[in-house]
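Trainee: Take this structure, written in structure tokens, and hold onto it; I'll ask about it next.
The values are calculated or read from the model by the stated rules, or taken from the named source; none is laboratory data. Note that the coordinates shown come from a computational prediction; the quantities given were computed from them, not determined experimentally. FYI the Cβ positions are ideal-geometry reconstructions off the backbone, even for glycines, and counts take in every protein chain you see.
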Amino acid sequence: MKYIVILAIIVVPALWFRHQTFNKIADLIASLEELEIQLQAAVRSGDFSSLEMITQHSQEINRSYPFLAKFGDFKNVRREYLNHYDHFINQLNSVYKELEIQSRVNNLNK
């Protein structure tokens, strides 16, 4: 009976927390993929008015990463998340650099 109580009080909530954390990280990765699609659509259309919103949203996603998911058996999932985030940030930076270059070229042509 004592072991059942220990299971109910300690193990079950720990497993629930682990499951919820994995789901949260999967949702964050899906959000990053959605932002990547929005960024690609903005680049294709040439309408860069949404870049600031995309940048802010990506920062919010990174801030909402669960603190405790940085430790323990979450390492592989964290690595996957960081790979997605780094890839997205690299794409965003390249868009900003291209816009800066276009701006400089336009200023030189004036």
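Trainee: Quick one: which of Glu80, Glu52, Glu60 is more than 15 Å from the chain's Cα centre (by Cα), charged (D, E, K, R) and assigned to a helix (DSSP H, G or I)? Before the answer, list the steps.
Mentor: Values: Glu80 fails: more than 15 Å from the chain's Cα centre (by Cα); Glu60 fails: more than 15 Å from the chain's Cα centre (by Cα).
Going through Glu80, Glu52, Glu60 in turn, just one is more than 15 Å from the chain's Cα centre (by Cα), charged (D, E, K, R) and assigned to a helix (DSSP H, G or I): Glu52.
Trainee: What are the pairs with Cβ atoms under 6 angstrom where one residue, in the range 15-30, is under 12 Å from Asn62 (Cα atoms) and the other, located anywhere, is at pLDDT 90 or above? Sequence gap at least six, or different chains.
Mentor: Between residues of the range 15-30 that are under 12 Å from Asn62 (Cα atoms) and residues that are at pLDDT 90 or above, the close pairs are Ile25/Tyr81; Leu28/Ile61; Ile29/Tyr81; Ile29/His84.
Trainee: Can you name the condition, by its number, that Asp47 falls short on among (1) surrounded by 10 or more Cβ atoms within 10 Å (Cβ to Cβ); (2) assigned to a helix (DSSP H, G or I)?
Mentor: Answer for Asp47: the failing condition is (2).
Trainee: So, one more: Here are some conditions: (1) under 11 Å from the mean Cα position of the chain (by Cα); (2) modelled with pLDDT under 95; (3) assigned to a helix (DSSP H, G or I). Tyr65 meets all but one. Which one does it not meet?
Mentor: All conditions are met except number (3).
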